[in-house]
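What follows is one structure encoded as structure tokens, with my remarks underneath.
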Amino acid sequence: MADPAGGTLHLTHGARMPRIGLGTWPMDDAEAERVIADAITAGYRLFDTAENYGNERGVGAGVRASGIDRGDVFITSKFNREWHSVVGVAEAFERSLERMGTDYLDLFLIHWPNPDQDRYVEAWEGLVRLLEAEAVRAIGVSNFTPDYLTRIIDATSVTPDVNQVQLNPRWTQPATRAFDEAHGIVTQAWSPLGQGNDLLDSPDLLAAAEREGCMPGQVVVAWHLAHGLSLVPKSSDPSRLRANLAAGSVVLSGQTISELDAMDGQEADATNPDVFGH
């Protein structure tokens with residue numbers, strides 16, 4: 001895989017993952033197919049989907065429609081709570097492959113820990129088996145706090161490649177990021193541009209964008225990269241797709257990074273993985 005805009009990250013188990021990808025929630029199959037093909041033309045090589053999104057077929061179709069070689073893209077998917085067992089993960093994996101029309105995944109994630117059913121360790125053991133069988137190039141989790149991460153690592157001695165969490169300048173997750181960094185786990189942000197346009201329209205961000213000479217969304221993307229994070233912003237607009245990817249070359253001033261850091265704690269829609277899941 002040639003280095004895409006924003007560069008790549010080397011994961012614990014040997015795979016290389018683009019730092020900037022495309023999130024696909026809440027696209028349906030038809031929209032995902034169209035947008036994925038457009039995104040590949042724009043230069044995207046990382047695509048994030050999930051069983052729960054209901055668009056895995058569209059993601060796979062978009063990759064095929066683009067004509068790009070499968071080895072030149074990085075596809076992530078996630079599975080739901082009903083598959084939280086060793087056997088269940090294997091079945092969830094095969095179902096995702098069938099829906100996408102591919103014979104492997106680059107990264108497979110536990111979507112939520114769902115501590116109320118307390119089977120995420122079994123789910124992790126199932127992912128470890130897939131990795132050992134070389135059915136998947138990398139394994140990871142989504143929405144895991146340090147306590148959940150500690151438990152799966154202690155149980156298996158295998159560390160996730162990626163922890164995908166809700167993260168943006170208003171919700172920076174310092175404890176999770178510190179744990180991930182200490183254990184060689186890549187922190188990847190979902191909804192990195194916030195929910196809706198509330199973050200992008202904030203006066204502080206608009207002022208920062210004017211000072212930096214770029215779009216507000218590009219400032220936020222560049223802020224994530226400045227902190228060593230990966231991110232999967234969602235957009236179906238071709239111009240915004242290109243703008244988000246172009247932010248890989250934006251270098252923010254220290255003032256702007258500090259100002260965005262100071263926004264932490266202002267996120268009104270933070271999701272608590274201790275009580276939410278599917």
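The values are calculated or read from the model by the stated rules, or taken from the named source; none is laboratory data. Here the structure is a predicted model, which means the values were calculated and not measured. Cβ: placed from backbone, ideal geometry, glycine included. Neighbour counts: every protein chain shown.
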request  = Go through (1) in a helix (DSSP H, G or I); (2) in contact (Cβ under 8 Å) with a residue 60 or more places away in the chain; (3) closer than 27 Å to TYR120 by Cβ and name the single condition ASP180 misses.
outcome  = (2)
request  = Assess whether ALA270 counts as being modelled with pLDDT under 95, surrounded by fewer than 17 Cβ atoms within 10 Å (Cβ to Cβ) and aliphatic (A, V, I, L, M).
outcome  = yes
query = Looking only at segment 1-51, which residues are in contact with a Lys or Arg (Cβ under 7 Å, 6 or more places away or on another chain), among the polar types (S, T, N, Q) and over 16 Å from ARG99 (Cα atoms)?
reply = THR8
query = Of all residues in segment 157-178 being of a type in the set (A, V, I, L, M, F, W, C) and buried (at least 20 other Cβ atoms within 10 Å of the Cβ), which is farthest from the chain's Cα centre (by Cα)?
reply = TRP171
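For residues in segment 98-152 being of a type in the set (Val, Ile, Thr) and in a helix (DSSP H, G or I), which is farthest from ARG81 (Cα to Cα)? Step through it out loud before you land on a result.
Taking segment 98-152 and keeping what is of a type in the set (Val, Ile, Thr), we get 102, 110, 121, 128, 136, 139, 141, 145, 150, 152.
Remaining after also requiring in a helix (DSSP H, G or I): 121, 128, 150, 152.
Numbers: VAL121: 12, VAL128: 17, THR150: 19, ILE152: 16 Å.
Here the answer is THR150.
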message = For segment 192-212, check the following and say yes or no: at least one residue is free of Cβ contacts under 8 Å to residues at least 60 places away in the same chain and within 17 Å of the chain's Cα centre (by Cα).
response = yes
task = Kindly indicate the residue of segment 65-90 that is part of a helix (DSSP H, G or I) and touching a Ser or Thr at 6+ places or on another chain (Cβ under 9 Å) and also farthest from VAL136 (Cα to Cα) among those meeting that condition.
result = SER66
task = Would you mind stating whether ASP72 is under 20 Å from the mean Cα position of the chain (by Cα), surrounded by fewer than 23 Cβ atoms within 10 Å (Cβ to Cβ) and of a type in the set (D, E, K, R)?
result = yes
message = I'd like the residue in segment 8-25 that is outside any loop (DSSP other than H, G, I, E, B) and either over 12 Å from ILE75 (Cα atoms) or of a type outside the set (A, V, I, L, M, F, W, C) (or both) and, out of all such residues, is nearest to the chain's Cα centre (by Cα).
response = GLY23
task = Determine whether LEU193 is buried (at least 17 other Cβ atoms within 10 Å of the Cβ) and either aromatic (Phe, Trp, Tyr) or in contact with an Asp or Glu (Cβ under 9 Å, 6 or more places away or on another chain) (or both).
result = no
query = Which residues, taken from segment 33-91, are of a type in the set (Phe, Trp, Tyr) and out of contact with any helix residue (DSSP H, G or I) (no Cβ under 7 Å at 6 or more places or on another chain)?
reply = TYR53, PHE74
Residues (among the hydroxyl-bearing types (Ser, Thr, Tyr) and crowded, with 16+ Cβ neighbours inside 10 Å) located in segment 78-103 = SER96, THR102
task = State which residue pairs qualify: first residue without any contact (Cβ under 8 Å) to a residue 60 or more places away in the chain and inside segment 91-117, second residue of a type in the set (Asp, Glu) in any location, beta carbons under 7 Å apart, and separation of 6 or more residues or different chains.
result = ALA92/GLU51; SER96/GLU51; SER96/GLU56; LEU97/ASP103; ARG99/GLU56; MET100/GLU56
